[in-house]
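Q: Next up is a structure, given as structure tokens.
The values are calculated or read from the model by the stated rules, or taken from the named source; none is laboratory data. Predicted model only: the values in this text are computed from it and were never measured. Here the Cβ positions follow ideal geometry from the backbone for every residue, glycine too, while neighbour counts run over all protein chains shown.
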Amino acid sequence: MGGISAIKRCLALGLGALLIVGVSLAAQTPPATPTVLRTTRLEVVDAAGRVVVTAEAQKGGGALRVWNQSGKVGVGTYVTEAGGRVEVLTPDGREIFSTGPHSDTALPGLWERERRTVEQQRRDLSQQQQELSQTMRQQRAVEQQARSGGDTTRLEQMVEQQRRDIDQQRREIDQQRRLIDALERQVRSLERR
């Protein structure tokens with residue numbers, strides 16, 4: 001009987017020691033989580049295992065892409081040797097918005113191209129307005145000559161031609177203004193996205 005009670009005491013002491021070690025281990029703080037994760041590519045997947053976000057190193061910089069359910073990029077941000085770029089694409093891969101140079105061609109993004117088009121249209125409109133002003137000055141000079149005498153038939157024809165030219169230029173300027181307004185609305189729409 002003494003042997004069994006000694007075994008019970010040893011078991012009790014062993015279990016007590018094991019319990020103390022377990023409690024002390026459980027009371028310790030967990031191992032420190034690394035503050036930096038280093039990799040050349042990181043993928044985030046959804047519940048179905050499809051990749052929905054990637055972050056990766058690439059030539060000249062890095063890329064962050066968000067993928068749609070069809071496996072196509074919906075949003076991409078890139079930094080390459082050509083500079084930084086942001087793209088927003090439709091589900092079928094068509095560009096809705098982009099800014100910054102394209103990494104392959106170094107061509108500007110859609111936003112920059114639209115802005116350049118608007119600026120060019122403004123320059124064209126300004127030039128047309130200057131031409132209109134010059135034509136109007138010429139018309140006034142011709143009308144003044146007609147009033148002071150001379151061949152009135154020829155002068156009247158010149159005046160009439162200049163009036164037609166002025167009307168044509170006004171129509172072209174109005175058309176340019178409408179085009180510029182439409183382009184500015186598109187640029188503002190792109191900026192809001």
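Q: With the condition being β-branched (Val, Ile, Thr), I'd like the strands (runs of 3 or more DSSP E) fully within the stretch 41-94 carrying at least 3 qualifying residues.
A: 51-58, 73-80
Q: Note down all Cβ pairs under 8 Å where the first residue falls in the stretch 25-52 and is in the same structural domain as ARG65 (by TED's automatic domain parsing) and at pLDDT 85 or above, the second is part of a loop (DSSP other than H, G, I, E, B) and among the acidic types (Asp, Glu), and they're at least six residues apart or on different chains.
A: VAL52/ASP46
Q: Pairs needed: first member in the stretch 138-155, of a type in the set (Gly, Ala, Ser); second member anywhere, modelled with pLDDT of 75 or more and outside any loop (DSSP other than H, G, I, E, B); C-beta distance under 7 Å; at least 6 residues apart or different chains.
A: none
Q: Can you tell me which of (1) loosely packed, with under 14 Cβ neighbours inside 10 Å; (2) modelled with pLDDT of 80 or more is the one GLU81 doesn't meet?
A: (2)
Q: Answer yes or no: is there a residue in the stretch 56-66 that is touching a residue at least 24 places away in the same chain (Cβ under 8 Å), of a type in the set (Lys, Arg) and either surrounded by fewer than 16 Cβ atoms within 10 Å (Cβ to Cβ) or under 19 Å from ILE96 (Cβ atoms) (or both).
A: Within the stretch 56-66, not a single residue is touching a residue at least 24 places away in the same chain (Cβ under 8 Å), of a type in the set (Lys, Arg) and either surrounded by fewer than 16 Cβ atoms within 10 Å (Cβ to Cβ) or under 19 Å from ILE96 (Cβ atoms) (or both).
Q: For a quick check of your reading of the model, give me the residue pairs whose first member lies in the stretch 107-131 and is over 17 Å from ARG94 (Cβ atoms), whose second is among the hydrophobic types (A, V, I, L, M, F, W, C) and modelled with pLDDT of 80 or more, with beta-carbon atoms closer than 8 Å and at least 6 apart or on different chains.
A: Pairs found: LEU125/ILE173; GLN128/ILE173; GLN129/ILE173.
Q: If the Cβ limit is 8 Å and pairs must be 6+ apart or interchain, which residue in the stretch 174-185 that is under 11 Å from LEU125 (Cα atoms) pairs with which residue that is surrounded by 12 or more Cβ atoms within 10 Å (Cβ to Cβ) and among the polar types (S, T, N, Q)?
A: Qualifying pairs under 8 Å: GLN176/GLN121; GLN176/GLN128; LEU179/GLN121; ILE180/GLN121.
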